[in-house]
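Undergrad: The structure's right below; bear with me while I get my questions together.
Laboratory data are not the source of any read-out in this text; all were calculated from the coordinates shown. Only a predicted model underlies this, so the values are computations on that prediction, with no experimental measurement involved. FYI the Cβ positions are ideal-geometry reconstructions off the backbone, even for glycines, and counts take in every protein chain you see.
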Amino acid sequence: MNWSSPRNPLPASPSKKAAQLERILDNAKRLLAAGRHDEAIAELGRKGGAILREPAGQTMLGSIYSLSGRPERALAAFDAAVRMAPRSAQAHFNRGFALKQLGRLDEAVAAYRTALAIDPRMVEAHHNMAVALNETGRLDEALDAADTAVALSPASAEAHYNRGVVLAGTARHEEALAAYDAALKRRPVYPDAHIARASSLRALRRSDEAAEAIETAIAQEPTRSDARVAKALILRDAGQFEAALAAAEETLEHAPDNADALFAKAGILEQLRRNAEALAIYDALIALDPKSVPARANRGTALRTLRRFEEAFAAFEELLSELPDALPLQINRAGLLNELDRFEEAIAACNRILEAIESGTQDPDVSESVAAEAFTTRAAARLHLHRLEEAIADYDRAIACRPDSMTIRADRALALLAAGRFQEGWPGYEFRGLKEGDAAYTPEHPAPLWRGEPLAGKRLLVTGEQGLGDVIQFVRYLPSLARDAEEVCLATRPALHRVLASGISGVRFAEKVDGEPFDYQIRLLSIPGVVGTDIPTIPSDVPYLRPEAERGARWRERLPQGFRVGIHWQGNRDYGADHRRSFPVALFAPLAGIAGVQLVSLQKGEGLEQLRALPAGMLVHTLGDDFDAGADAFVDTAAVMQELDLVVSSDSAVAHLAGALARPVWVLLPHTSDWRWLLDRTDSPWYPTARLFRQPHPGEWEPVFRLVAEEVAALVRRKRQ
């Protein structure tokens, strides 16, 4: 907000002495205007400092100190002026100015109130009081002061602007826009108002108008770094991450230590999944200001994203040692307890947070948001402990706090699906992937969403989503839809087209369908909900994919003799829960030690580096660099699976492919797995040939592999008999 500077009244007496003092004041003013602050102070000391025994002299001295960044001395001077002229509204106003400079906002407000008790029509006092009240969070009082300033001075652009800032602080952005427009009507060249207007438009998700407003601000004052930072954030919100990054970097070229630009750049890098670079920026911000709570908190969050959970936990522990009552820091710590599989501690931490909120001693605006996070964090902990009903109840409480949160609704749906309550879970599952504030899924294609209408004579566009394994699992629904429709087209990654076409008939596969007409469209994983899938009605006829026979013959020659077990251990590391579902290949060592067993790697890309450091005596056969090396994913994997006795895999696309091919597949799961594997089952209604092995406790893989080794040994014995 903009605020008024102290005034410097002159003595009214026409005496010779007064004239001399007036000349001293005039000279001091000119020196102050020229930025020659120490000379201005020396000028006030002329004639034995007589002017400093007058309210005007102390006022001028205070102004010099204020404008030269010495607010403590300014306050002493303004205090002296108040003692000399206790009924001067201007003296109390100036005192409030210095108090605000010192951050003593409540005292500043009291000084402005004193000034207004003397002169109720003093516009600048209402004006500055609105600023101080706004910064203390007393927004209703701030708005009253801003309204009064506008009423007393309706032609003041600054008064309308400040009123807009207060309205924006209460999230009344439409009204704030009207106030900014009123300010700009009176002062069209007003960069502050254009920047603030862009901020409210951004909050209203009117990104094109926000971009236009910020470009106007930049055109009016090209050197404004805050305008360029705002531009970066607007571009980020619009999903134009590379352009946003360029805008932030442009600011940093001219001001490399600009904290706002550094924060903006780090946030954009996180959107681009360049989290290590973002972490380096937070480290740089901390080097600039070791006490910066935002930089240290964001560093902890970046470490969490990089799955450096112990370091992230230590970062938040350090912050909480300094700010033990900070709820946002407490909730981050609780979330990290979940990541570290310390679920009972996470529940206890959430309980303490909720108790603090219920005590009524916390900021209500912060409390509502943190309460929602506490309920969802506690729900996640209870899910990992298989306390599903309690978890679902927590999600209900979180939704009561944040009814607009699509993320919470989607998480609740996942809990219901994991519990096997499909009919209750499918509606909430439609909120997956939505951002906070989104009302519904908005597809890119203009065709209406398919909600189960008859498909006879209709063209249906199905959009593939999520990971490769998701597409492989749910593509099973398409042949039955294709029998009714004129056409079903699955838009998905080209790498999958060939392996899917091996068994899915009557469906066209495409990468993009720009401009093509369709009667309906649907996301692939929405189909089960639309057709009313429940556990007994899951379409589980397998195989629904098939290997290419000639490829099987080629790979058969490369496979070792014996009981051949295809293994897969590392999923996509970008998946948020990959640290729980993936495991080291070395854990397969007990299987490699079984006489007659030959382990065959089905791993591609990430995880292959582990084969260079196998335990002594452990052998894993690899299939060469040409294994699935072409543009088509899994065509060689499918062919090799047909020649294997067993596939043992982490929860990955390889497991889904084996199930879709009706091959014997053992899926090794964390204690709490993805919803589609349900809970506590050893079989899968999705894949009849699958067997599920689960961690008995979070993080415990060794018991899983001991059991798998025992079962494989039994299979080998039976095969020999």
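Undergrad: What is the set of long-range amide H partners of Val600 at a cut-off below 5 Å, with H atoms built 1.01 Å from backbone N?
TA: Close amide H contacts, sequence-distant or interchain: Val565, Gly566, Ile567, His621.
Undergrad: With all distinct Cα pairs included, what does the Kirkwood hydrodynamic radius of the range 496-640 come out to in Å, to one decimal, could you say?
TA: In the range 496-640 this quantity evaluates to 18.5 Å.
Undergrad: Once you put a point 7 Å from the Cα of Arg554 and another 7 Å from the Cα of Glu135, both along the Cβ direction, what distance in nm separates them?
TA: My value for the distance between the label points is 7.2 nm.
Undergrad: Now for a different question. What Kirkwood radius, in Å to one decimal, follows from the Cα pairs of the range 28-139?
TA: Computed over Cα pairs of the range 28-139, the Kirkwood hydrodynamic radius comes out at 14.1 Å.
Undergrad: Name the residues whose placed amide hydrogens come within less than 5 Å of the amide hydrogen of Thr136, ignoring near sequence neighbours (fewer than 5 apart) on the same chain.
TA: none
Undergrad: From the phi angles alone, apply the Karplus equation (6.51, -1.76, 1.60; θ = phi - 60°) to the range 410-418 and give each ³J(HN,Hα) in whole Hz, x where the residue is Gly or Pro.
TA: Values per residue, Gly and Pro as x: 5, 5, 4, 4, 4, 5, 5, 5, 4 Hz.
Undergrad: Related question: Applying 1/(1 + (r/R0)^6) with R0 = 60 Å to the Cβ-Cβ distance of Ala287 and Leu611, what FRET efficiency is obtained, to the nearest 0.05?
TA: 0.90
Undergrad: Hey, if you drop one equal point scatterer on each alpha-carbon of the chain and run the Debye formula without solvent, what base-10 log of I(q)/I(0) do you get at q = 0.06 Å⁻¹?
TA: Values, matching the q order: -0.52.
Undergrad: Let me see the P(r) profile for the range 177-331: every Cα-Cα distance counted, bins of 10 Å, each bin given as a percent of all pairs.
TA: Spelled out bin by bin, the range 177-331 gives 12, 33, 30, 20, 5, 0 percent.
Undergrad: Largest first, please: the extent of the C-alpha atoms of the range 619-697 along each principal axis, to the nearest Å.
TA: On the principal axes, the range 619-697 reaches 39, 26, 24 Å in Cα extent.
Undergrad: Same structure again: Please list 3J(HN,Hα) in residue order for the range 391-401, calculated via the Karplus relation 6.51 cos²θ - 1.76 cosθ + 1.60 where θ = phi - 60°; whole Hz, with x for glycine and proline.
TA: Here the 3J(HN,Hα) series is 5, 4, 4, 5, 4, 4, 5, 5, 5, 4, 6 Hz.
Undergrad: Determine by what factor the alpha-carbon radius of gyration of the range 549-720 differs from 2.2 N^0.38 Å, reporting the quotient.
TA: Relative to the 2.2 N^0.38 Å estimate, the range 549-720 comes out at 0.97.
Undergrad: Taking one equal scatterer on every alpha-carbon of the range 16-236, how large is log10 of I(q)/I(0) by Debye at q = 0.15, 0.18 1/Å?
TA: -1.02, -1.19
Undergrad: Residue by residue through the range 706-721, which ³J(HN,Hα) values in whole Hz follow from phi under the Karplus form 6.51 cos²θ - 1.76 cosθ + 1.60 (θ = phi - 60°), with glycine and proline marked x?
TA: Going residue by residue, I get 4, 5, 4, 4, 4, 5, 5, 4, 5, 4, 4, 4, 5, 5, 6, 6 Hz, with x marking Gly and Pro.
Undergrad: Separate question: Using a 10 Å cut-off around each Cβ, can you sort Ser225, Ser405 from fewest to most neighbouring Cβ atoms?
TA: Ser225, Ser405
Undergrad: Follow-up. Near the amide H of Gly467, under 5 Å away, which other amide H atoms are found, from residues 5 or more places off or on another chain, if H is placed in the peptide plane?
TA: Close amide H contacts, sequence-distant or interchain: none at all.
Undergrad: For the range 459-537, what is the convex hull (Cα atoms) projected area averaged across all directions, in square nanometres?
TA: Orientation-averaged projected area of the Cα hull: 5.3 nm².
Undergrad: Would you compute, from DSSP H runs of 4+ residues alone, the mean residue ellipticity of the chain at 222 nm, taking -39500 (n - 2.57) per run and dividing by the full residue count, rounded to the nearest 500?
TA: -17500 deg cm²/dmol
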